[in-house]
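**Q** Take this structure first; my questions come after.
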């Protein structure tokens, strides 16, 4: 049990501990009841898990954008949801055009690569524009100010894209090669989900290698620790910040295409929920921490996919899947209470942050 | 020949007039020390040279090139490199990565490798700790790393801000030994120190700074004998 700075237990500590304990009890009891009822087959659990993994990979890619920007600027880029939306929505028109002329059916792999490239470049361009216009002039302003412009930029982009592309839902063309399922170690996995998980893993691996091994990646870590000293090493801090937004934007654009592969549709509002979920994932993993965002994203995806059925079904709650958002955010609240630094994060309170 | 010349530098923090017309010069191969009490403007002078602070008036010249309009990271590329007060190593980067960041502005791998060799000769301890996170080093080791990191930039002028601060006396001696070694290798150094006694022992010349103004300048040996310097900064009664 956590104690306060005086080493004493306060009433709040005791109450929170009791609430946590009670919740843990509900989870254990619910899971036990669900499992003993035998309502779900092993194959169904596997499906839920794989879907959660695919969804979580997308959260993880978006979460990296939040965490990278937080790392160098100590601010939450709330326009990141729209950075995520702008890519796949713009790429949709290219995909539809390529489908209409028959290119996408004839060369599906090349077509997908083109769609992904367009999506990533668009999201990157939007991320860089937001940084240049909405954040850079406010670099020395109090921390609340860029937070407000971030929210403003988010709405601005949403309604700009609504004005450009309309307020309806557009469906991505379906590709024959992405239909059906494959068997991995005896588990049936939808082709789209397998593609999403593998592609996300490749992107995360590349990003991690870049941050750890490249000269620019090391400079990013140096800037994240101490901007002034980084300048004294000859590091151009503005350039590093630009690179950070570009990387986060490109990853969000990639996540957007993967999202469109799973759900098949795009609209101007599509960024909001995944954006908030990915932010949750970033906090869950420890904001500012790159592996943390990946772990947090995957964990959140699986948790909200498997969780509702596992915890709630046995308690007799109908349609538990509709409560997945409630479950996801309840978890966020409890992580913030019991481990504010996240799964892999360091204790922020002791730092200057 | 003067490498670095400051002429009539005025620096402000908001409305606070921190440097009131500081002029000084550093010759090639020299150690020049800037001594003075707390808040006299010693670190402000170094940060103005490094470009972290913009002077409102006056000029800073390196080999006759005006530096006052360059940004901090560009000034490093020109060859003016600072070891900041309090060491400021990147705690979550390894020792090797910290040194690599020191050489950030240098393009040639072969030359960087050569500098790394020199830094490891000067500080064999850093070689032993190469793969360790800098945050896990002791205070003395961190000071070595901070100096080694700056040397990786191959500075034309090295600015040292309070290198002995917070170190045990035996480590202070070894830091000043290192400064002597660097001097012997021909490095040009501008040294800021609270420990005026040690500073005036290694330096060729010194400036005394008081509330943002240079009140005295002379050969270091002469300053050591100066009565008011002895009283104010050397603790001689």
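Just so you know, all these numbers are worked out from the coordinates, no wet-lab data involved. Note that the structure is a prediction, hence the values are computed from the model and not measured. Reconstructed Cβ throughout: ideal geometry from the backbone, glycine too, with neighbour counts over all protein chains shown.
**Q** Over the C-alpha atoms of the protein assembly as shown, what are the Rg and the largest Cα-to-Cα span, Dmax, in Å?
**A** 29.4, 94
**Q** Would you work out if region B:171-211 is rounded, prolate or oblate? Take a ≥ b ≥ c from the square roots of the eigenvalues of the alpha-carbon gyration tensor; rounded if a/c is under 1.5, else prolate when a/b is larger than b/c, oblate otherwise.
**A** oblate
**Q** Further, regarding this structure: So for the protein assembly as shown: antiparallel DSSP bridges make up what percent, rounded to the nearest 5?
**A** Roughly 60 percent of the DSSP beta bridges within the protein assembly as shown come out antiparallel.
**Q** Over chain B, what relative contact order in percent results from Cα pairs under 8 Å that are six or more residues apart?
**A** RCO, chain B: 27 percent.
**Q** Report, in whole Å, the centroid distance computed from the Cα atoms of region B:19-59 and region B:138-208.
**A** Here the answer is 16 Å between Cα centres.
**Q** Expressed as cubic angstrom per residue, what is the convex hull volume of the alpha carbon set of chain B?
**A** Value for chain B: 122 Å³ per residue.
**Q** What relative contact order, as a whole-number percentage, does region A:1-153 give when Cα pairs under 8 Å and 6 or more residues apart are counted?
**A** 19 percent
**Q** How much mean residue ellipticity at 222 nm does chain B get from its helices, if each DSSP H run of length 4 or more adds -39500 (n - 2.57) and you divide by all residues, to the nearest 500 deg cm²/dmol?
**A** Rounded to the nearest 500, the figure is -11000 deg cm²/dmol.
**Q** Connecting C-alpha atoms closer than 10 Å in a GNM of chain A, tell me which of A:165, A:135, A:107 has the biggest fluctuation.
**A** A:107
**Q** Report, in degrees rounded to the nearest 10, the 0 to 90 angle that the Cα long axis of helix B:139-151 makes with the longest principal axis of chain B.
**A** 90 degrees
**Q** Relative contact order of region A:50-297, please, whole-number percent, based on alpha carbon pairs below 8 angstrom and at least 6 residues apart.
**A** 44 percent
**Q** Which distance in nm do the two modelled labels at residue A:138 and residue B:77 give, with both placed 7 Å along the Cα-to-Cβ direction?
**A** Taking the simple label geometry, residue A:138 and residue B:77 are separated by 3.0 nm.
**Q** Next question. Helix B:109-122 against the longest principal axis of chain B: what's the angle in degrees, Cα atoms only, rounded to the nearest 10?
**A** Long axis of B:109-122 versus the principal axis of chain B: about 70 degrees.
**Q** In degrees from 0 to 90, rounded to the nearest 10, what is the angle of the helix B:169-184 Cα long axis to the longest principal axis of chain B?
**A** The two axes meet at around 90 degrees.
**Q** Rounded, prolate or oblate, given the Cα gyration tensor of region A:30-111, with a/c below 1.5 counting as rounded?
**A** Cα axes put region A:30-111 in the oblate bin.
**Q** Using just the helices of chain A, give the 222 nm mean residue ellipticity in deg cm²/dmol: DSSP H runs with n ≥ 4 each add -39,500 (n - 2.57), and the total is spread over all residues, rounded to 500.
**A** For chain A, the value works out to -23500 deg cm²/dmol.
**Q** Another one. Mind running the shape call on chain A? Use the C-alpha gyration tensor, a ≥ b ≥ c as the square roots of the eigenvalues: rounded below 1.5 for a/c, prolate if a/b tops b/c, oblate otherwise.
**A** oblate
**Q** Cut-off 10 angstrom, C-alpha nodes, Gaussian network model of chain A. Which of A:153, A:281, A:255 fluctuates the most?
**A** A:153
**Q** Further, regarding this structure: Can you put A:28, A:72 in order of Cβ neighbours within 10 angstrom, beginning with the fewest?
**A** A:28, A:72
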